[in-house]
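Everything below concerns the one structure shown next.
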Amino acid sequence: MNFEFTEEQTLLRKTVRQFVDTEIIPYIAEWDMNGGFDPKVWKRLAEIGLMGVCIPEKYGGAGMDYNSLAIVCEELERGDTAFRTAVSVHTGLNSMTLMQWGTDTQKEKYLTPQAKGEKIGAFGLTEPGAGSDVAAMNSFAKRDGDYYILNGQKTWISLCDIADHFIVFAYTDKEKAHHGISAFIVEREWAGFSSKAIKGKYGIRAGNTGELFFDDVKIPIDNLLGEEGEGFKIAMSALDNGRFTVAAGAVGLIQACIEASVKYCKERETFGKPIGEHQLVGQMLAKMEAGYEMSKLLVYRVGELKNKGVRNTRETSLAKWQACDFANKAADDAVQIHGAYGYSDEYPVARYLRNSKAPVIYEGTREIHTIMQADYVLGKRNDKKLRCMLPSWPFE
Ligand SMILES: Cc1cc2nc3c(=O)[nH]c(=O)nc-3n(C[C@H](O)[C@H](O)[C@H](O)COP(=O)(O)OP(=O)(O)OC[C@H]3O[C@@H](n4cnc5c(N)ncnc54)[C@H](O)[C@@H]3O)c2cc1C
């Protein structure tokens, strides 16, 4: 067991923190209010190597380990959840899935430009009638010679209007239930594809989320990811990577809550003393600190398991569930500590609270993770090695 960060990881954290402090935090209140961030940020994320942190150098990435990805997510979400969500979707859900399941040709064509930040990837699983219950999806891809013809709709898809490539899940054989779902790589430019943003979101307002529509989209058979019928397994393995990034981001959000609250606790006085000296206020800070430290341990353990190349669905689910719950509670308490001022745009804590809610819903709701953990404890779940495992680190 080693609790030390490497020099490279420490430098990475410093770089991302500096980027967040100078290029995100000064503008985020405006981006949050206007419903989108400056597209130049994408270019900057690529320039400092954040679009493919844990993707091997041979595919255009930085070749760092999986805990380096956690560090990036933590630091980005300290600035705003929208940026961590973008990395979760682009790297965690899309690029790492291509790295795990893609053919050499698919990796060269899609993973390499994504890792370099030249193209952006996203992930389309959820449908209007199928969220937690993935198998309730209706999208269907019918084989027709050298193509599949895809029809259907996805909703609540992050980066829906921004991404160039999407990993999309659809039935190829409805009678086989979970075993009849397949995964495809779909390009935005193909005929029959369209997207539309959802307006009026509660949080992550600087981010782009919305619907995808597929109207007779012709997908070349070479863009089938994995084997026909392997889509459900691919989706769940993608979530093992996405959830890891969500959990890491939650750590960063807790840190942002602590920073804002400690500052306010020293400034604001009631009954003749700074509010931090009232024990009940201190208790809220103490709980934030406990959540922060516990979440970090859960997250970095998962990073280590990924580095070793072992299956980590159980540990990832626990880290995601707990870290997101801790972050949601920390943000609620941060608003409480700020009193009425916390209930306005004057301080960032109201944004933290709004942002902390979606991660308790996406990539497995709080309830789904609770059920998963109960099933593990009861011995009802047993994860086996997958046909394609995420490569261990250091990469070959
Ligand atoms: C900001 C944002 C971004 C998103 N980005 C993406 C994305 O990029 N790609 C993508 O594919 N999806 C994305 N999603 C969708 C997200 O993954 C789904 O919202 C999530 O899976 C939950 O599905 P649902 O909203 O349909 O809720 P439902 O599944 O309808 O659940 C509704 C409620 O019932 C509970 N529930 C459901 N089943 C059970 C059960 N068996 N036992 C107990 N309780 C249960 C749930 O926990 C929840 O409280 C995003 C969502 C948000 C909010």
How big is the range 143-278 on each of its three principal axes, counting only the C-alpha atoms and giving the largest first in Å? 78, 28, 23
Take the solvent-accessible surface of the protein heavy atoms, probe 1.4 Å, and return the percent of it on the chain that carbon and sulfur atoms account for. 53
When the expected Rg is taken as 2.2 N^0.38 Å, what fraction or multiple of it is the alpha-carbon Rg of the chain? 0.97
Could you check the simple spin-label distance between Asn382 and Ile361, using points 7 Å along Cα→Cβ, in nm with one decimal? 3.7
Rounded to the nearest 10 degrees, what's the angle between the helix 66-79 long axis and the longest principal axis of the chain, both from Cα atoms, 0 to 90? 50
Given 159-168, 4-13, 242-251, the highest-first ranking by average Cβ count within 10 Å works out to 242-251, 159-168, 4-13
Can you list the lysines whose alpha carbon is less than 18 Å from that of Lys154, not counting same-chain residues fewer than 8 positions off? Lys142, Lys174, Lys196, Lys199, Lys201, Lys218
Chain lengthening between Glu259 and Tyr147 when straightened (0.36 nm per residue, less Cα-Cα): 35.0 nm
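Residue separation times 0.36 nm, minus the C-alpha to C-alpha distance between Glu175 and Tyr343: what's the value?
Contour length minus the Cα-Cα distance gives 55.4 nm.
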Sorted by average packing, counted as other Cβ atoms within 10 angstrom per residue and highest first, what order do 114-120, 382-388 take? 114-120, 382-388
How many lysine pairs in the range 241-349, separated by 8 or more positions in sequence or lying on different chains, have Cα atoms less than 23 Å apart? 17
In debye, nearest 20: dipole of the chain around its Cα centre with unit charges on the Cβ of K, R (+) and D, E (-)? 560
In straight Cα distance, which aspartates and glutamates are under 20 Å from Lys119, not counting same-chain residues fewer than 8 positions off? Asp38, Glu47, Glu57, Asp104, Glu108, Asp161, Asp164, Glu187, Glu189, Glu211, Asp222
Cβ charges +1 (Lys, Arg) and -1 (Asp, Glu), total dipole of the range 307-396, debye: 580
With a 1.4 Å probe and every protein chain left in place, work out the accessible area per residue of the chain in Å², rounded to a whole number. 45
Throw me the Rg/Rh for the range 303-390, computed over C-alpha atoms with Kirkwood Rh, two decimals. 1.14
Quick P(r) readout (the range 9-106; Cα-Cα; 5 Å bins; whole %) gives 3, 13, 24, 26, 16, 10, 6, 2, 0
Where the convex hull is taken over the Cα atoms of the range 82-223, what is its projected area averaged over directions, in nm²? 8.4
Starting from 0.36 nm per residue, how many nanometres of slack lie between Lys196 and Glu57 once their C-alpha separation is accounted for? 46.6 nm
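The values are calculated or read from the model by the stated rules, or taken from the named source; none is laboratory data. Just so it is clear, the structure is predicted and the values come from calculations on it, not from any experiment. Positions of Cβ are generated from backbone atoms using ideal geometry, with glycine treated the same way; all protein chains shown enter the neighbour counts. For accessibility, only protein heavy atoms count, side chains too; no ligands or nucleic acids. Shrake-Rupley method; radii C 1.70, N 1.55, O 1.52, S 1.80 Å.
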